[in-house]
1. Loop-only GluC sites (Glu not before Pro) in region 211-304, please: DSSP not H, G, I, E or B, and at most 15 other Cβ atoms within 10 Å.
2. Over region 145-211, what is the relative contact order in percent, taking alpha-carbon pairs closer than 8 angstrom and at least six residues apart?
3. Does the chain come out rounded, prolate or oblate by the C-alpha gyration tensor, with a ≥ b ≥ c the root eigenvalues, rounded set by a/c under 1.5 and, if not, prolate when a/b is larger than b/c and oblate if not?
4. If one takes the longest principal axis of the Cα atoms in the chain, at what angle in degrees, from 0 to 90 and to the nearest 10, does the Cα axis of helix 47-58 lie?
5. Cα gyration tensor of region 1-54, axes a ≥ b ≥ c as square roots of the eigenvalues: rounded (a/c below 1.5), prolate (a/b > b/c) or oblate?
6. Can you figure out the FRET efficiency of Arg191 with Glu231, using R₀ = 30 Å and their beta-carbon distance, to the nearest 0.05?
7. Which peptide among 190-198, 25-33, 125-133 comes first, and what is the full order, when sorted by highest mean count of other Cβ atoms within 10 Å?
8. I'd like the chymotrypsin sites (Phe, Trp or Tyr not before Pro) in region 229-278 restricted to DSSP loop residues with at most 15 other Cβ atoms within 10 Å, sorted by number.
Amino acid sequence: MAALKLITFADAEGSRAGVLLEGDRVLDLGRAMPPARDMLALIDAGPGALAAVRALAASPPARGLKPAPAGAVLPLAAVALQAPIPRPRRNVFCVGRNYMDHVAEGDRTRGITNSEVPKYPQFFTKAADTVVAPGAPVPSHAGVTQWLDYEVELVAVIGTAGRDIPKEKALDHVFGWSIGNDVTGRDLQRRHGQWFKGKSLDRSCPLGPVIVPREDLDASDLAIGLRINGEQRQASRTSKMIFDVKEIIHQLSAGFTLLPGDVIMTGTPEGVGYAMQPPQTLKPGDVMELTIEGIGTLTNAIAD
Ligand code: MN
């Protein structure tokens, strides 16, 4: 069974949810399945709705096996891809320092050579409206930060609400997986103590290009990497997380209710620009390509 690739797209009729089909085609769920008009509605509608989407995608209307409203399959070239959740309902939840080699490279920039494994996940957030689409320009914020950086991260999208979620039930609350770029102003991150300021610059959270349902992909040991202008900068595996997705959900949900559509960025591996020798910063024109096995590639360029 091929993994389902859920997208959000826009055309002259507005924004809606869809499924990426073979042959660069899009199944328009706004037409084919109006209750799943947008991604948050699809997530809210629960497992039955996802099963219906899966059935439609397996026999798309263009093949004539299961006729749906006319015009429900569109050429990908005719639509604009958006972030799969263009505007999360609340802040994007993030985990810092969650790969040991990344902890160590960060410590080295501060003269620390004997890094300790974090005992608890370090949670912070990015403002919900930092999310931008695959292909959308990311501003350099040149007047605000001298040290713009990238971070490839596996994203878990929450499907069902829960609080005090036990580890062994944690994946039951995941709707699916995506890719996020935690674009960061390193100087701001350090200057302000709290990370929020350096992590919440406008348009600093590319997300996408698709959501793969949790049932379709075991995300516990996937290749995760990032290239800048074709040069490989980050290359690791999600199995190297210090706190895996189950542990993150368990700890984040302790006394705090996770909601459908919540977006959780699970941390970045080693290879970020500020820890390179010499340090590298993102410049206008730089192209960031983030790839996670089984999900796809998220590409965004830095604008002026
Ligand atoms: Mn990060």
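1. Details: sites: Glu215, Glu231, Glu247, Glu270, Glu289, Glu293; in loops: Glu270, Glu293.
Within region 211-304, the qualifying GluC sites (Glu not before Pro) (loop, at most 15 other Cβ atoms within 10 Å) are Glu293.
2. Working: 112 pairs, mean separation 23.8, N = 67.
Reported as a whole number, the value is 36 percent.
3. It is prolate, given that a/c is not under 1.5 and a/b is the larger ratio.
4. Once rounded, the angle reads 70 degrees.
5. oblate
6. The formula returns an efficiency of 0.60 here.
7. The most tightly packed comes first, giving 25-33, 125-133, 190-198.
8. Qualifying residues, ordered by number: Phe256.
Taken together, the values in this text are just the output of simple stated rules run on the coordinates, not laboratory data. Only a predicted model underlies this, so the values are computations on that prediction, with no experimental measurement involved. Every residue, glycine as well, gets a Cβ built from its backbone with ideal geometry; the counts of neighbours run over all protein chains shown.
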